[in-house]
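One structure is given below, encoded as C-alpha cells.
Read-outs throughout are calculated quantities, based only on the coordinates presented, and are distinct from any laboratory measurement. Values in this document were obtained by computation on a predicted structure and should not be read as measured data. Here Cβ is always computed from backbone atoms with ideal geometry, including for glycine, and neighbour counts include all displayed protein chains.
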Amino acid sequence: MHSYMVSKMSSKMVGSNNLAHARRMVQQLRVEASIERIKVSKASADLMRYCGENAKYDPLLMGIPASENPFKDKKPCTIL
Amino acid sequence: MNYWTLALTSLSSAICSIPFSSLQVQPQPDAKMCDQTFLAITFGPCDSCGLNKPLMNIYLKNEPINYCSLCVELMACQGLATGETIHTLKAESESLKTKLEEERAKLHDVELHQVAEKVEALGQFVMKTRRTLKGHGNKVLCMDWCRDKRRIVSSSQDGKVIVWDAYTTNKEHAVTMPCTWVMACAYAPSGCAVACGGLDNKCSVYPLSLDKNENLSAKKKSVAMHTNYLSSCSFTNSDMQGCDKKANVWDMRSGQNVQSFETHESDINSVKYYPSGDAFATGSDDATCRLYDLRADREVAIYSKESIIFGASSVDFSLSGRLLFAGYNDYTINVWDVLKGTRVAILFGHENRVSTVRVSPDGTAFCSGSWDNTLRIWA
C-alpha cells in the first residue's frame, strides 16, 4: 500500500513528488524510530524458552515411534 | 505490537491473496480458522475533509489519523508552506536513520548462539523420504497441507493442481488451470476447497467434491483480480514472499509498514513466522537463511555455510521452532538448529531445485516440492 501511494502521487503531481516522497520517508522513519525494542539477550532467552517448552510436542524434533507415525513404515507382517 | 490477520472478502469470501510484494501475515493462534473472513479496510468520514471515503490509517506526530487518499496527498505536499524543503527533509531522514542504527546497536548485547550454548545439543537426525508423490508433468511450484494432516494440494508449471492423500499417495482430485505456472495454492481450513493462482493474475477457489465425475473446473469461483501475477495466496494463515532484499513487517490495522529489515545480500525468496510470532526466518538467493526478532528489531542469527552457495527458495519451522527446514536450489534440504545456528542434517533425494518446503500441521512430517516434478514426504 505504501509504495502504491508513492507511485500514485508521482504520476499526479510532477513538481512536488520528490518533496512528498521525502516527507513520507521521514514519517516512515519516525514510526520505525519510535517502536519499543528489547535487548537481544532477552529476546534470545524468550526464543530459547519457547523452544524448551514446546520441544516435547515437536515430533520431528523428538522423534516418535514408527507405530505412531503414519508416514513411517511399520514392521512388516506376514499374512498367513 | 498486535498484528492482525489480513482479510479480504470476495465473491466466495474465502481467502486473502496478495500480489508480488513483501507482506507478512501473523497467524492468530486463538482465532478460529474458517472459510469466511472479513473485509478489513476502513470507510468513513475523513478527519480532514469530512467526506465519507475509503480511509488510510496513518500516523501524524505519533497520533493515528484517518485521512482519505486525497487528503494524504495534500498533507504530504504541505511541506512547502511550512518551510520544509527537500534538503531539510533529507537531513532529518539521515539523522533518523543514524539514530535507528544507534538504537538497534545499543541493544545488541549478545548473539543468540552464545545464549544458546547452555542448551542441549540435538542428537543425530535420521530423516528419510517416506513417500514420493509422482504425477505432475512439470515443475512443482507450491504446496500446502490440509488441516487433516494427510491431504496435500500441490500446483505445477503445467497448470495442474492436484490434491493428494499423503498416506496412500493416491491422487484425490486434479484440476487443470487455464494458465501455466500455477505459483500458489492453498488448502481451505475446512478442507473443502483449494485456492490457486498464477500467471492468470487471479486467485480461483475450487470446491472439492467427492464425486469423481464432477467437473471441478466448472464450479470454480474467481476471487481477487490482480494487476500482476499471483505469487502466493492463503486462507489467512500464511506468509508472503518479498521480491527484494528487504523484509517488511506491516501492521494490518493501520496499513503501516512498522519494521523493515535489510541485511540479506540478495533477493529474499521465502519468509516464515517463528511459531511464537515474535520472530521470523527468511531464505534468500544469497545462500543464507536468517532469523529476525521483531521485539529486538534486528537480525539475531544467520544460517549459512561456506559450502552452501545456492539460494534458499523456501523455509519452514518445526512445531517448537527449534528446527528450520530450508530447501535450496542445489537440490538439497538443510535442517538447521535455530538456536545454535548449526546444521543438523542435509537431505538428498530431489533431482532438481527444491521449490517449496512445508511442515505438516501436527509436525509429524514435512513435505518438499521440487522442479523434478515430484513431492517428497520426509519423517
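The figures follow:
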{"quantity": "Inter-centroid distance (Cα atoms) of segment A:29-64 relative to segment B:159-182, Å", "calculated": "36 Å"}
{"quantity": "For B:SER355, distant residues with modelled amide H under 5 Å away", "calculated": "B:GLY369, B:SER370, B:TRP371"}
{"quantity": "Karplus (6.51, -1.76, 1.60) ³J(HN,Hα), θ = phi - 60°, over segment B:156-162, in Hz, Gly and Pro reported as x", "calculated": "9, 5, 7, x, 9, 10, 10"}
{"quantity": "For residues of A:61-73, the mean tally of beta carbons on other chains within 10 Å", "calculated": "5"}
{"quantity": "Where labels lie 7 Å past Cα in the beta-carbon direction, separation of B:THR342 and B:THR85 in nm", "calculated": "5.9 nm"}
{"quantity": "Spin-label model distance (nm) - B:GLU120 vs B:THR168, 7 Å beyond Cα toward Cβ", "calculated": "3.9 nm"}
{"quantity": "For B:ALA301, residues with placed amide H under 5 Å, excluding near neighbours", "calculated": "B:LEU291"}
{"quantity": "³J(HN,Hα) computed for each position of segment B:92-108 - Karplus, 6.51 cos²θ - 1.76 cosθ + 1.60, integer Hz, glycine/proline x", "calculated": "4, 4, 5, 5, 5, 4, 5, 4, 4, 5, 5, 4, 5, 5, 4, 8, 7"}
{"quantity": "Label-point separation, B:ASN138 to B:SER307 (7 Å along Cα→Cβ), nm", "calculated": "3.5 nm"}
{"quantity": "Mean Cβ neighbour count within 10 Å, used as a protection proxy, ranking B:351-362, B:96-107, B:298-309 highest first", "calculated": "B:351-362, B:298-309, B:96-107"}
{"quantity": "Compactness of segment B:302-361 - radius of gyration and Dmax, Cα, Å", "calculated": "10.9, 33"}
{"quantity": "Members of B:LYS128/B:LYS340; B:LYS149/B:LYS246; A:LYS56/B:LYS160 lying beyond 28 Å, as alpha-carbon distances in this model show", "calculated": "B:LYS149/B:LYS246; A:LYS56/B:LYS160"}
{"quantity": "For residues of B:295-301, the mean tally of beta carbons on other chains within 10 Å", "calculated": "5"}
{"quantity": "Modelled label reach - A:LYS39, point 7 Å along Cα→Cβ, segment B:89-113 residues with backbone N closer than 12 Å", "calculated": "B:106-111"}
{"quantity": "Packing-based ranking, highest mean first, of B:285-297, B:119-131, A:45-57 given that Cβ atoms within 10 Å are counted", "calculated": "B:285-297, A:45-57, B:119-131"}
